[in-house]
Amino acid sequence: MPTLELILAVMVVIFVCGFLRLPLIAWSAALVVLAALTASVTLVAVVLIIAAAVNVAFIRRKLLTDRVLALYRRILPDMSQTEKEAIDAGTVWWDGDLFSGRPDFDKLLAVPEPRLSAEEHAFLDGPVEELCAMCNDWEITHELQDLPTRVWQFIKDQGFLGMIIPKKYGGLGFSALAHSAVVMKLSTRSSTAAISVMVPNSLGPAELLLHYGTEEQKNHYLPRLAKGLEVPCFALTNPEAGSDAASIPDTAVVCRGQWQGKEVLGMRVTWDKRYITLGPVATLLGLAFRLHDPEKLLGGEADLGITCALVPTNTPGVNIGRRHLPLNAVFQNGPNSGKDVFMPLEWIIGGPEYAGKGWMMLMSSLAAGRSISLPTSSVGGAKALTRFTGAYARVRSQFRTPIGKLEGVEEALGRIAAHCYMMDATRVMTAGCVDAGEKPAVISAIAKYHLTERARLC
């Protein structure tokens, strides 16, 4: 076979096999046949050897995979303990099927459709509707630069801050789907109100207390959080550490000190946090820092690792800084700091035995909040934009025709509607996954990224 024809034949085989997504054995067989057509024994032998090397698992492993793996092990740094904890934190749901390359859609279709309870429907039709009616976004954003006092009080009185807290502690005990639906609806009316409700029900004091708090901590704080007697925030982000939260430089040292007239074992904490949502109005600070025990007073390692504690904001030494206005958005956000603030070890979430386990706690609890907060607020904003854009395209006319019927505008409206449909389907599926007891680390990350990006496209 002439060289040019052989090259064209190889290109056709590669295209067909790739297009049909044929298995590796089919690629190999096709290439062997092409080699045989050349009548070259040497070429056939070479292709057969290569085919055997890539198709027979133990040969492929010895000749190729092990060598490539060894190369990458030399190039890549060793995985740290914090990275291992982050990887092991979540659970694998149907996303495991998806990334296998052979998803079982019957398994997905067999999952029961998430549904709101009658009580959750009543809350959406009652207090949520009333809260939406109370919110005038122009007044909130341009006149008050905050929610009105009556709105803040309504949020607290109606239990909006305790949607994830079980009823036995005075909370609403709502499902993830209901939590998502409430935040989505509020997002269509006021992003400030939505964020103010969203944050206490996301990763923060309540979520961490539910999973890791001592009984004493739960019984004291959860009823107060549910009734709005405490306004929480979670201080994790530092000027030098944002997404790379494991590298926070905030530190604490285990020591003895005076507390309420007694000498107790505690810790002196120094921190500098920034961009903390609800920070300026919070009464309870969830604080993440790296705990050290140089004298080994706790009997373990000198560097215990990231630790999470609950700190009342009226504690001497806690400094609430000037409020931020990020992108001129008026939800409460600001810095806080402290230098050598002494606090007892009992303030650690879960008690002293959870010293150094903060990163594990954060990673294990992250998925639920990440599945709902930003994805849901993005869906709410996209739905509002879809409604406004569709209505304007209907009432605005050119050439005695609503512009929504012009082909160029129709195309844009169709694209917006498609994005909105996909976003809401993702929201429901992800919330249903959380309600099924999963901790969808991968799905929540995908939902957070893609839904915020699709909201930009609407």
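The values are calculated or read from the model by the stated rules, or taken from the named source; none is laboratory data. These figures come from a predicted structure and were not determined experimentally. A quick note on method: Cβ atoms are made from the backbone with ideal geometry, for glycine too, and the neighbour counts reach across all protein chains shown.
Numerical summary
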item: Long-range neighbours under 6 Å by Cβ, at least six apart or interchain, first residue touching a residue at least 24 places away in the same chain (Cβ under 8 Å) and more than 21 Å from residue 276 (Cβ to Cβ) within the range 328-354, second among the hydrophobic types (A, V, I, L, M, F, W, C) and assigned to a strand (DSSP E or B); result: 344/259; 344/264; 345/265; 354/348
item: Unique match (being in a helix (DSSP H, G or I) and surrounded by 15 or more Cβ atoms within 10 Å (Cβ to Cβ)) among 35, 52; result: 35
item: Filtered residues of the range 277-292 (kept if part of a loop (DSSP other than H, G, I, E, B) and in contact (Cβ under 8 Å) with a residue 60 or more places away in the chain); result: 278
item: Test: residue in the range 194-212 that is over 29 Å from residue 357 (Cα atoms) and touching a residue at least 40 places away in the same chain (Cβ under 8 Å); result: yes
item: Members of the range 244-280 that are surrounded by fewer than 16 Cβ atoms within 10 Å (Cβ to Cβ) and charged (D, E, K, R); result: 244, 256, 262, 263
item: The range 381-419, residues that are among the aromatic types (Phe, Trp, Tyr) and part of a helix (DSSP H, G or I); result: 388, 392
item: Residue in the range 337-361 that is surrounded by the fewest Cβ atoms within 10 Å (Cβ to Cβ), counting only those that are of a type in the set (A, V, I, L, M) and in contact with a Leu (Cβ under 7 Å, 6 or more places away or on another chain); result: 345
item: The lone exception for residue 102 - which of (1) outside any helix (DSSP H, G or I); (2) surrounded by 13 or more Cβ atoms within 10 Å (Cβ to Cβ) it fails; result: (2)
item: Matching residues, the range 38-49, being surrounded by 13 or more Cβ atoms within 10 Å (Cβ to Cβ) and among the hydrophobic types (A, V, I, L, M, F, W, C); result: 43, 44, 47, 48
item: Residue within the range 5-26 that is at pLDDT 85 or above, part of a helix (DSSP H, G or I) and not hydrophobic (A, V, I, L, M, F, W, C) present; result: no
item: Subset of the range 281-308 (residues that are under 14 Å from residue 232 (Cβ atoms) and buried (at least 20 other Cβ atoms within 10 Å of the Cβ)); result: 282, 284, 285, 286, 287, 288, 308
item: Condition met for residue 125 (of a type in the set (Asp, Glu), free of Cβ contacts under 8 Å to residues at least 24 places away in the same chain and not assigned by TED's automatic domain parsing to the domain that holds residue 206); result: no
item: Of all residues making up the range 187-212, the number that are assigned to a loop (DSSP other than H, G, I, E, B) and surrounded by fewer than 23 Cβ atoms within 10 Å (Cβ to Cβ); result: 3
item: Among (1) in contact (Cβ under 8 Å) with a residue 40 or more places away in the chain; (2) touching a Cys at 6+ places or on another chain (Cβ under 8 Å) - the single one residue 419 does not satisfy; result: (1)
item: Filter result for residue 172 (part of a loop (DSSP other than H, G, I, E, B) and more than 28 Å from residue 444 (Cα to Cα)); result: no
item: Where a residue in the range 309-320 is surrounded by 15 or more Cβ atoms within 10 Å (Cβ to Cβ) and its partner, wherever it lies, is part of a loop (DSSP other than H, G, I, E, B), with Cβ under 7 Å and at least six apart; result: 309/349; 310/349; 311/318; 313/282; 313/283; 320/313
item: Of all residues making up the range 213-248, the number that are more than 18 Å from the chain's Cα centre (by Cα) and part of a loop (DSSP other than H, G, I, E, B); result: 10
item: Enumeration of residues in the range 321-336 that are buried (at least 18 other Cβ atoms within 10 Å of the Cβ) and either in contact with a strand residue (DSSP E or B) (Cβ under 6 Å, 6 or more places away or on another chain) or more than 17 Å from residue 284 (Cβ to Cβ) (or both); result: 324, 330, 331, 333, 335, 336
item: Any pair with Cβ under 8 angstrom, 6 or more apart, that starts in the range 151-180 at a residue that is farther than 17 Å from residue 116 by Cα and ends at one that is surrounded by fewer than 21 Cβ atoms within 10 Å (Cβ to Cβ) and of a type in the set (Lys, Arg); result: 156/227; 159/227; 162/227; 169/218; 170/227
